[in-house]
Ligand SMILES: Cc1cc2nc3c(=O)[nH]c(=O)nc-3n(C[C@H](O)[C@H](O)[C@H](O)COP(=O)(O)OP(=O)(O)OC[C@H]3O[C@@H](n4cnc5c(N)ncnc54)[C@H](O)[C@@H]3O)c2cc1C
């Protein structure tokens with residue numbers, strides 16, 4: 001089944017849950033107006049639905065055959081990529097000085113969702129190029145920017161992001177790839193990398209690799225890592241000393257080539273330093289944060305696509321006394337769960353996009369800093385909550401199809417297979433939860449998270465004072481969820497980075513996503529009610545509050561009372 005971009009829902013979430021409407025009204029984006037945003041979203045929706053989505057199943061079946069160091073992308077992919085880039089989508093949020101359109105990151109986030117609903121395997125390639133653009137723009141020398149930035153922004157060339165080695169996955173500090181200083185100011189890179197997305201392909205003539213490596217005098221761990229730009233093809237047209245050695249066979253995203261890369265067969269690939277020596281992790285964090293939000297959006301994208309497909313199937317499939325299976329309460333429950341989780345994750349991701357925009361565009365330094373901290377707080381939640389629900393929703397999608405979901409014919413199985421990777425790459429969801437608990441919650445002594453929870457409490461109050469009968473028990477249940485988040489947060493702040501706090505990191509992140517997502521759906525419902533058109537959105541917010549947000553109290557217990565049963569349970573895991 002195809003994909004129809006839900007442009008109206010996307011625009012509504014952006015404007016009313018994530019805060020785009022007020023940001024536009026404040027003039028955060030200069031003279032950009034709602035009509036322009038709407039037409040960009042509509043155009044992106046058309047491209048995603050009509051050009052990319054039809055390639056999704058072709059890509060799944062064809063994969064990325066590898067021969068003599070070359071990767072062939074599936075039929076139709078190169079044309080689609082070329083026209084996608086020619087339409088300017090790659091540079092939507094990129095700096096105007098270098099050929100980008102400098103539109104809001106939040107609008108780009110909405111577009112990233114649509115590219116990934118259409119095809120996750122297609123969408124992930126540009127995600128890495130966009131992250132590379134951010135790092136090069138922020139830290140690259142003028143010479144490097146002159147040579148590479150415009151071509152990355154136009155999409156004429158694509159970028160890769162290369163951290164992982166066999167012994168260095170979550171523990172990036174363990175990487176061993178080497179960089180030696182050359183006499184001309186460049187560097188020679190040797191070593192190998194694994195699992196490199198779009199490390200080799202035929203979509204563009206050149207591929208610009210962003211590679212982490214270690215200088216001979218580097219201190220150990222992450223403090224001794226430097227970031228290098230390593231072009232596949234040098235400016236004089238010769239091939240650099242880097243090649244793809246092989247391509248992985250994977251559970252999903254078959255059309256995204258995942259490559260093992262080898263550097264230095266002939267003495268070392270030419271690399272150019274980005275930022276300062278030994279300070280590569282700081283640059284990489286710029287890339288990773290953007291890429292983390294984008295991977296979160298992959299979760300939203302696949303959840304949306306799975307939901308559309310399940311809804312269509314449930315309306316058609318006849319079984320038993322009720323006729324179409326959509327009439328059965330259990331099927332309704334599955335479909336509502338899918339739609340509510342997708343909407344909640346979407347709003348969290350878009351709100352992260354708005355926070356990024358504010359961190360770059362707000363007038364005062366203080367406002368930019370506060371927004372930066374808000375974006376830092378929300379990024380791990382956007383990444384992990386959205387990709388967890390991506391898998392859950394895709395799994396429900398299979399369930400709604402019954403046996404037809406398990407066979408490949410309907411496509412529901414592909415969504416499930418594709419969705420699974422997003423919880424693993426760009427920092428596993430376990431690592432995101434640790435980042436939230438160890439680094440983000442304690443920001444400014446807990447002030448950033450507390451301010452955020454206060455905002456959620458205000459939403460609960462607004463729901464209560466709306467007195468709208470259609471909300472049912474929404475205010476009470478959401479209030480309980482936000483109270484749970486508040487107590488769990490206080491507990492974590494008191495237990496800092498203890499083993500007990502680490503043991504509860506994953507349920508805490510879920511609790512955060514539940515409370516925040518539930519409040520954002522309620523904000524959308526309130527905005528709809530104000531516009532006199534609240535029914536569907538209010539029902540969805542109510543469903544979330546009364547059926548999903550209620551998990552918050554259990555999650556709170558896991559965080560605050562569950563640690564001992566984990567940290568002292570060695571015997572239960574003994575052989
Ligand atoms: C399809 C695909 C594409 C990829 N693309 C890229 C790419 O383009 N560039 C790139 O550099 N990498 C890429 N990766 C690598 C990916 O980012 C890593 O696989 C991921 O970071 C996890 O590392 P690992 O596989 O070594 O798992 P490990 O680090 O061994 O983790 C295994 C498990 O242990 C947990 N764990 C590990 N350390 C801790 C800890 N300190 N505390 C708690 N739990 C912990 C993890 O959460 C996980 O559940 C890709 C991987 C795949 C499969």
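Hey, any hits in segment 435-443 for a residue that's more than 16 Å from the ligand (Cβ to nearest atom), more than 17 Å from residue 559 (Cα to Cα) and in the same structural domain as residue 499 (by TED's automatic domain parsing)?
For segment 435-443, residues more than 16 Å from the ligand (Cβ to nearest atom), more than 17 Å from residue 559 (Cα to Cα) and in the same structural domain as residue 499 (by TED's automatic domain parsing): present.
Tally up the residues in segment 187-204 that are crowded, with 19+ Cβ neighbours inside 10 Å, part of a loop (DSSP other than H, G, I, E, B) and away from the ligand (no atom under 14 Å from the Cβ), please.
Result for segment 187-204: 2.
Looking only at residues in segment 205-252 that are in a loop (DSSP other than H, G, I, E, B) and within 16 Å of the ligand (Cβ to nearest atom), which one is surrounded by the fewest Cβ atoms within 10 Å (Cβ to Cβ)?
Across segment 205-252, the extreme among qualifying residues is 249.
Residues being surrounded by fewer than 18 Cβ atoms within 10 Å (Cβ to Cβ) and more than 30 Å from residue 375 (Cβ to Cβ): count how many of those fall in segment 265-292.
Going through segment 265-292 one residue at a time, the tally reaches 3.
May I ask you to verify whether residue 261 is modelled with pLDDT under 95 and either within 15 Å of the ligand (Cβ to nearest atom) or under 19 Å from residue 161 (Cβ atoms) (or both)?
no
Since residue 173 meets every condition but one in (1) within 16 Å of the ligand (Cβ to nearest atom); (2) not in a helix (DSSP H, G or I), which condition does it not meet?
(2)
Would you mind finding the one in 101, 146, 162 that is over 17 Å from the mean Cα position of the chain (by Cα) and within 16 Å of the ligand (Cβ to nearest atom)?
162
Within segment 409-430, can you find the residues that are assigned to a helix (DSSP H, G or I), surrounded by fewer than 18 Cβ atoms within 10 Å (Cβ to Cβ) and within 10 Å of the ligand (Cβ to nearest atom)?
430
Residue-wise test of (1) at pLDDT 95 or above; (2) crowded, with 22+ Cβ neighbours inside 10 Å; (3) in contact with a helix residue (DSSP H, G or I) (Cβ under 8 Å, 6 or more places away or on another chain); (4) farther than 19 Å from residue 456 by Cα.
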| site | (1), (2), (3), (4) |
| --- | --- |
| 472 | yes, no, yes, no |
| 483 | yes, no, no, no |
| 508 | yes, yes, yes, no |
| 512 | yes, yes, yes, no |
| 516 | yes, yes, yes, no |
| 520 | yes, yes, yes, no |
| 540 | yes, no, yes, no |
| 552 | yes, yes, yes, no |
| 564 | no, no, yes, yes |
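The values are calculated or read from the model by the stated rules, or taken from the named source; none is laboratory data. Just so it is clear, the structure is predicted and the values come from calculations on it, not from any experiment. Backbone-built Cβ (ideal geometry, glycine too); neighbour counts: all protein chains shown.
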